[in-house]
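A quick write-up on the structure given underneath.
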Amino acid sequence: MSEKKPQQPEGKTAPENTTDMDRREFLATTAAVGGAVVLGFWLPPSAEAASVPVAAQPWYREAMVPEINAWITIAPDDTVTIRVGQTELGTGVFTVNPMMVAEELQCDWKKVRAEYASANRDVKEKAPEWTLKVPGSGETDPGGAAPVELSGANGVYRRMIIHSSGNVRESRYYLQQAGAEARERLLLAAATEWGVPVSELVAKDSVITHARSKRRTTYGAIAAKAARTPLPDPSKIKIKTPDKYTLLGTEQKSLDVPLKVTGEAVYGIDVRLPGMLYAAARACPVWGGDIKTYDFDRIKNMPGVHSVVRLPFDALTKSVGFLCGGVAVVADSWWRAKTALDALPIEWDYGPSASVNSASLYEDHMAAAKGPGEAKTNEGNVDVAMSRAAKMVEAVYSVPFSPRARMEPGNATVLVTDSRVDIWSGDQDPQGLLRRAAKLTSIAPENVHIHSTFQGGGYGSNGNGPQGEQAVAVANAVRGRPVKMLWTREEDWGTGTKYRPMSVCLFKAGLDAEGWPIAIEVRHSTTWNLGDMGHRGLSAPPYFVPNYRLTLHAPKTHVPIGTRRGTGAAPNGFYMESFIDELANAAGKDPYLYRRELIARNPAEPKLGIGGFAHRDDFLKALDMAARMSGWGTPLPEGWARGIAIDDRRRPTRTTSTICAQVHTVEVTKRGQLKLHRVDVVFEQGFALMNPLSVRKQIEGQIAWGYDDTMYQATTLQDGRAVERNFDKFPVSRMNEYPKQVNIAFLKTNRWITGAGEEAIPQVPPAILNAVFKITGKRFRSIPLKNHDLTWG
Amino acid sequence: MAFALLVNGVQYSVDAEPDTPLLWVLRDSIGLTGTKYGCGIGQCGACTVLIDGMAVRSCFLQASRAIGRKVTTIEGLSADGSHPVQLAWKEFDVPQCGYCQSGQILAAVALLEKQANPSDADIDAQMTNACRCGTYHRIRQAIHRAAALRG
């Protein structure tokens, strides 16, 4: 594909004026997208009812009622529509982001509606000045915010990408500011109209009152005036501290749930447009490979086939995230496109990595771990201390590759014309997709429009790989017709997604005569070279060890590596929290009390490096609470045991954390059947949780996520490609395996937490495996357990 | 080749190969997109619909096999989300991403048709759809609640 001209498809390339759809009708349709109606959608009766807090098609619409600022529009009947920058992929942003705005706006929550913000508007419009400065002095300031990473995100909607549990952490302050700015303007407009000082007005539940003159108006009545009333000095906007919250901190049900129990919620896969074509794509099964030849003649007469589009693997497509080259068949229905694609003779050029397999990669990792590495921590003198140890403990831990494995296979619906790109998609990074679509089509970013849909899970910062980008490439080749590109499940897990990488972690500890560690050496071999993924959680453990060294070792791999729910904290937490259990066992001590002692040995005043974590006392509280909740130490039936683990997803480059301690009560039958009966969770709430119901749901889900990692999930590499490409070989646990009892308690602390989207994952595998060890006497140092023999007795 | 399907009480004339999986006829020919594609091999349950009241995975069933039978999709459960299972799902705020929930709800409806007051063991045995967000805890509570709502 050249950079300027769109790739011409092979097949029915009708001139534009003879396509199935009249071009003028088409433009009218796409123009209407910004308004209210898209032709061709199936709309059940209830979707049209004004009482639904979220429209089935939740994307941005130009305001038909007064817009106070980019986040807020107010209709005459007091309906407040709040725009959400981040994509709703199940984490609750469509509810909690409006809550953060509404808290300050002091509007009637029952009349709040949510819809998406616009990435296109974000390109064209600069961030309001008053959102640029983070208030307060960091995460220990209740009137401030935890450190944010918004540099470069200076469009009007700031952070639209959703990842790293960062939605509340990074957008709370400016969403509160947006609500406060609008409230002050509504008040100012009313005060001006009544000729009274603004300080005498009170706003509550969308009503403004002036007690002295007994006057009253509503947000809906004053909104048009407020929209034209600027604040004299918006930099004076203050945000509420948590002690003043009335809506935030209460349990609010998800605004989008009513749509999700009727089938009305439109996901990317559900988008239907007039004249729409369907595409099924297949990329080279070995990453880095490309297509050699294919024979379109063999399928061109199959029912409904329109054309075939080559998806090249060149400098341009690599720059937008393609992982290999491939081909897409375009047809009048997706099943016909897929059927024809299955019949298309393709010869692949697998590239240089076609002989790689998991066993050879594991050997590479072991060799790398034993070779020289990059020291991330080197505290005291590990080698001298080791030579004085009374006892040595050594262990080798590992995890395999694993994909995000969301339920909705990768897809996007795209219309490219010569002057404009429209993309309907659920994507974790709409701003990035917009930029990449512009690059692929040579159409200016200002003319690229993303119509965000609901997303069937995400679990990694770029969602499901280059789904949107590939769809743009296909639609670019059939300009003038909208195309829905949808991957098969096998395509999605085989070549679409990125992976949590394989890693191998070598531990060596020297214990003193009482069994306390005097030195620990950690050699971690991982290809997770994104930021601090390889060393977060390992560079400064919460356990006081006077001599400690961590080195990172980076073998090479062709497997695409990305963020995955739990991030580097998950494998690293599994390693650390299992190994500390091993040390407790070697010392003949209780694993809870052993942890407790080593945490308590940290200095009260944190220092840099080891002992450098600031939250010693809160760690102890969380650990004690979890032990107490679970009945730690009380008798259990034969074949049952409790395992404990604690982690705070701390990052060496940041000061924020979220402490989470868990106890898992596990049964293993003598024949090796594992049953997780009960989980007790203590989760840090910091100053406040914005929507505690949403956090509970997140934690409940993370128990299942961590359990699946522990029990089942692995991607094996053979001949350079992924073996497990569908649910038959990549199991996801079902209802019967979910613990019958999950107890969640929140621990209040004096700071803002990191977030809640993945903070309860790292503890799950070690807690389960620590219990399994107690029952079976077998210490499993790699997951998933499906590869191990759990029989005992 | 055209054939007729009875879906949610409406007779549709469908122009598709009769061996097309029912899922794709529902989604792309008829336009009922509440039924989702997850795996295409009958494993995950996202495509669950009711055929004559039984929960069936529509991605793995040729559309022609549904001719002359009553197909119910999530859209046909109620006009306004007022089916007891839907009400219970809302009460417990079950969905997260929501992608699997049409299938989960229809599986629960089929379960309650068979067992009006299912035990936890019944729920374990009958609810075999995958949820990657891990909403099982709330699905279980909601099924018990729906059983009570049905009286």
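The values are calculated or read from the model by the stated rules, or taken from the named source; none is laboratory data. None of the values given here were measured: they were computed from a predicted structure. Backbone-built Cβ (ideal geometry, glycine too); neighbour counts: all protein chains shown. Note: accessible area is taken over every heavy atom of the protein model, side chains too, but ligands, DNA and RNA are not part of it. Shrake-Rupley method; radii C 1.70, N 1.55, O 1.52, S 1.80 Å.
Annotation note: of A:Ala513, A:Ala477, A:Ala519, A:Ala509, the sole residue that is open to solvent by 10 Å² or more (accessible area, probe 1.4 Å) and more than 14 Å from every other protein chain (Cβ to nearest Cβ) is A:Ala513.
Within segment A:303-321, if we keep just the residues that are among the hydrophobic types (A, V, I, L, M, F, W, C) and touching a strand residue (DSSP E or B) at 6+ places or on another chain (Cβ under 7 Å), the residue that is surrounded by the fewest Cβ atoms within 10 Å (Cβ to Cβ) turns out to be A:Phe313. Looking across segment B:110-151, the residues that are more than 10 Å from every other protein chain (Cβ to nearest Cβ), outside any loop (DSSP other than H, G, I, E, B), surrounded by fewer than 24 Cβ atoms within 10 Å (Cβ to Cβ) and modelled with pLDDT of 95 or more come down to B:Ala110, B:Leu111, B:Leu112, B:Glu113, B:Lys114, B:Asp122, B:Gln141, B:His144, B:Arg145, B:Ala147, B:Ala148, B:Leu149. A:Ser442 meets all of the listed conditions (1) of a type in the set (S, T, N, Q); (2) over 30 Å from A:Leu486 (Cβ atoms); (3) surrounded by fewer than 19 Cβ atoms within 10 Å (Cβ to Cβ) but one, namely (2).
Residues in segment A:737-783 that are part of a strand (DSSP E or B) and either touching a Ser or Thr at 6+ places or on another chain (Cβ under 9 Å) or free of Cβ contacts under 8 Å to residues at least 40 places away in the same chain (or both) were compared, and the one that is nearest to the other protein chains (Cβ to nearest Cβ) is A:Gln741. With respect to the stated conditions, A:Ser442 fails to be away from chain B (no Cβ under 14 Å) and touching a helix residue (DSSP H, G or I) at 6+ places or on another chain (Cβ under 7 Å).
Exactly one residue out of A:Ile703, A:Ile753 is open to solvent by 10 Å² or more (accessible area, probe 1.4 Å) and either farther than 18 Å from A:Pro501 by Cβ or not small (Gly, Ala, Ser) (or both), and it is A:Ile753. Please verify whether segment B:47-61 includes one or more residues that are more than 9 Å from every other protein chain (Cβ to nearest Cβ), open to solvent by 40 Å² or more (accessible area, probe 1.4 Å), modelled with pLDDT under 95 and out of contact with any Pro (no Cβ under 8 Å at 6 or more places or on another chain). No - not one qualifying residue is present in segment B:47-61.
Inside segment A:655-688, residues that are assigned to a loop (DSSP other than H, G, I, E, B) and either modelled with pLDDT under 95 or crowded, with 24+ Cβ neighbours inside 10 Å (or both) make up a count of 5. Being under 28 Å from A:Thr715 (Cα atoms), of a type in the set (Asp, Glu) and touching a residue at least 12 places away in the same chain (Cβ under 8 Å) is the requirement here; does A:Asp314 meet it? The answer is yes for A:Asp314. Restricted to segment B:1-11, and to residues there that are closer than 25 Å to A:Gln57 by Cα and in contact with a strand residue (DSSP E or B) (Cβ under 8 Å, 6 or more places away or on another chain), the residue that is farthest from the other protein chains (Cβ to nearest Cβ) is B:Val7.
Just to be sure, is A:Asp581 touching a helix residue (DSSP H, G or I) at 6+ places or on another chain (Cβ under 7 Å) and either crowded, with 24+ Cβ neighbours inside 10 Å or modelled with pLDDT under 95 (or both)? The answer is yes for A:Asp581. Give me the pairs: first residue in segment A:621-639 and at pLDDT 95 or above, second residue hydroxyl-bearing (Ser, Thr, Tyr) and open to solvent by less than 30 Å² (accessible area, probe 1.4 Å), beta-carbon distance under 8 Å, and six or more apart or on different chains, which are they? Between residues of segment A:621-639 that are at pLDDT 95 or above and residues that are hydroxyl-bearing (Ser, Thr, Tyr) and open to solvent by less than 30 Å² (accessible area, probe 1.4 Å), the close pairs are A:Ser630/A:Thr665; A:Leu636/A:Thr665. For A:Lys338, the conditions (1) open to solvent by 20 Å² or more (accessible area, probe 1.4 Å); (2) at pLDDT 95 or above; (3) assigned to a strand (DSSP E or B) all hold with the exception of (3).
If you check B:Ser78, B:Ser102, B:Ser82, which single one turns out to be at the interface with chain A (Cβ under 10 Å from one of its Cβ atoms) and either at pLDDT below 95 or buried (at least 20 other Cβ atoms within 10 Å of the Cβ) (or both)?
The unique qualifying residue is B:Ser102.
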